[in-house]
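J.: Quick one: structure below, then a few questions.
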Amino acid sequence: MAGVAYYVLGRMIIVESGAEGTLARAVGRDRKGQISPVLYALAIGSAFIWTPLSYALYVVVAAMWLIPDRATRGARRTGMTTGIDWRSRHSESHPARCTTRGGPP
């Protein structure tokens, strides 16, 4: 479930920020995010057939996420992920998020 939620959240953020946004450039094709739910589904199915295979698939997914992506590693190295102003799009439509002095009226 966590892998599916991660994939959906990432896609929603990319749709909101655009295909040329910072996250879209940093993530790239996101092979890990696409492979993980498939391996999880295989692990669930294999639990009914041969339990050790199921355990092995879960370990593979965990190990896969411990190894950093080349795309995000390069984005961190070049500073692509810094300097994002998250309030720029919606601060006027949400007065509680207003960052001016004195806060909302």
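Only the coordinates and a few stated rules stand behind these numbers; no lab work does. The structure presented is a predicted model; accordingly, all values stated were derived computationally and were not measured. Backbone-built Cβ (ideal geometry, glycine too); neighbour counts: all protein chains shown.
J.: With the crude spin-label approximation of a point 7 Å out along Cα→Cβ, what separation in nm comes out for LEU42 versus VAL8?
T.: Taking the simple label geometry, LEU42 and VAL8 are separated by 2.4 nm.
J.: Moving on to the next point. Could you pull out every residue, at least 5 positions away or on a different chain, whose amide H is within less than 5 Å of the one on ASP69? Hs are placed 1.01 Å off N in the peptide plane, and Pro or chain starts have none.
T.: For ASP69, no residues qualify.
J.: Would you mind checking the stretch 8-37 for residues with the amide N under 17 Å from a putative spin-label position 7 Å along Cα→C-beta of ILE67?
T.: In the stretch 8-37, the label zone of ILE67 (backbone N under 17 Å from the point 7 Å along Cα→Cβ) covers 29-37.
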